[in-house]
Amino acid sequence: MGKRNVAAVLIAVMLMLLCACGKGTMYIQGTGATKEELGDQASWQESLGEGCEQYSYQVSTDDSVDDMVLRVYALQDGQWDKRAELGRVEDLKPGSHRFSMAFDRLPAGIYVSTNGFGNTYKPELSEDISDMEGCSLIARSRMDIVPGKEIPLVVECYGMGASENDCDLSDFFAPENLAVRDYPYVYAVTIYFE
């Protein structure tokens, strides 16, 4: 094989590798947040109050996903019970997106702002957890987006001895791990792409 043929084959292989690197670049990354990033402050303050935490995320998608939605769950009898869908974006365009969450404790509600549009989930009957110990695990690192698979952003537990050492964000996929700890209240927030 001549030098030109070898060079052509090497260039073709390099181009294929570069194209392959472009695939799988969909991700979600925690970025921190400011109140200004949360959109309509009147709605946020009315529903959740001044003292809540804010979390902001950058999302990068390609044309393999069309929709994005955040879901709120409560653990009931060892299974996740979906309570709300928030921040839904349909006909998601490939590229960069941003969304933010604000909450104090999930049983009191959560505010979500996606690309400047916000909505709130507030339970009909808020559980009284004011005297309970609690822990929140919040995703902050970069995570790959897999269409059709939920990505846990928050797992929150309330009860005697609730500790961040007792649970993990991956426990969303194994709710039995949380159920055996006998916490009276366990919640999760996920993001889902399809």
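Rule-based calculations on the coordinates, nothing more; no lab input. All figures in this text were calculated on a predicted structure; none of them were measured in a lab. Counting neighbours? That spans all protein chains shown, and the Cβs are built from the backbone with ideal geometry, glycine included.
Within the set of other residues whose C-beta is less than 12 Å from the C-beta of residue 169, count the net charge using Lys and Arg as +1 and Asp and Glu as -1.
Numbers: positive: 140; negative: 150, 156, 164, 168, 171.
Neighbourhood net charge equals -4.
Could you calculate the FRET efficiency of residue 91 with residue 141 from 1/(1 + (r/R0)^6), where r is the beta carbon distance between them and R0 is 41 Å, rounded to 0.05?
0.90
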Charge tally in the Cβ shell below 14 Å around residue 90, where Lys, Arg are +1 and Asp, Glu are -1, residue 90 excluded: -3
